[in-house]
Amino acid sequence: MNKTIFTIIISLISFGCKLQNTINQDLKNELDSILIRDQIFREYIDVQTNELRKQEIAKRTGYSKEFLDHHILAIITATDSLNLVKVEKIISKYGYPGKSLVGQPTNTAAFLVIQHSPNIKKYYSLIEKAGKNKEIPFTDVAMMLDRKLIEEKKPQIYGTQLEGKFIINKQTGKKEQVIYVLPIKNAEKVNNRRKKAGFETTVEENAKRFGIEYKNYTYQEIERMK
């Protein structure tokens, strides 16, 4: 074997071993467990989740399907609170647990827990820094920025945030849920921004995932809708 090639191979093997040794396996295992709990109940309410998969989720989580059908939102809220306590302890000890510390996709676990919490403003700068350092995908930063802006009653940038409200159907007099994409700044250019950020879908395609057609509402239009 060519001596130069042999040296390169040995160097790559050594580099790979060093990378593997930097992973905190105990922390990775803890965050993997948190990631599963964060996502599995949300998968249950996803419009694309079929009945067979819902039965599998019920069995895996130890609940009956009937119980999940009636209490899923309360379960999500309780799970989010427990996950947040754990993630805040991890962050206080390690900083953001990113790719170099726990690998992928475990590096997204803490982001998702914070994204689903009321503490976005507190941790946004940490998430932004993790994105700049390539510890998490920039799409995560974009989603948190959108949610932060929405909480501030400002238009979002990437069109990632949707909302659902119950309104009274004037014809039937019954409550009906309406889901819509929250207002977007310079909406005519949103798909260009999404592409640059790394999103693989347009805002229209993302809306269809939730079973709706995209329309760029203003806050005033949403208020009239309510």
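The values are calculated or read from the model by the stated rules, or taken from the named source; none is laboratory data. Owing to the predicted nature of the structure, the values given are computational and were not obtained by experimental measurement. Glycine also receives a Cβ, built like all others from the backbone with ideal geometry; neighbour counts cover every protein chain displayed.
All of (1) of a type in the set (D, E, K, R); (2) more than 24 Å from ARG193 (Cα to Cα); (3) assigned by TED's automatic domain parsing to the domain that holds GLY211 hold for LYS93 with one exception: (3). Only a single item in (1) touching a Ser or Thr at 6+ places or on another chain (Cβ under 6 Å); (2) over 19 Å from TYR219 (Cα atoms); (3) not basic (Lys, Arg) is not met by ASP146, and it is number (2). Taking the conditions (1) on the phi < 0 side of the Ramachandran plot; (2) among the charged types (D, E, K, R); (3) modelled with pLDDT of 95 or more in turn, LYS134 satisfies each one other than (1). Of the residues making up region 187-226, those that are among the hydroxyl-bearing types (Ser, Thr, Tyr), touching a Pro at 6+ places or on another chain (Cβ under 9 Å) and free of Cβ contacts under 8 Å to residues at least 60 places away in the same chain number 2. Go through region 22-45 and report how many residues are within 18 Å of the chain's Cα centre (by Cα) and free of Cβ contacts under 8 Å to residues at least 12 places away in the same chain. Residues that pass the stated criteria total 2.
For PHE210, the conditions (1) at positive phi; (2) within 16 Å of the chain's Cα centre (by Cα) all hold with the exception of (1). Of the helices (runs of 4 or more DSSP H) lying entirely inside region 164-226, those containing at least 1 residues that are exposed (fewer than 14 other Cβ atoms within 10 Å of the Cβ) and modelled with pLDDT of 95 or more are 190-197, 203-209.
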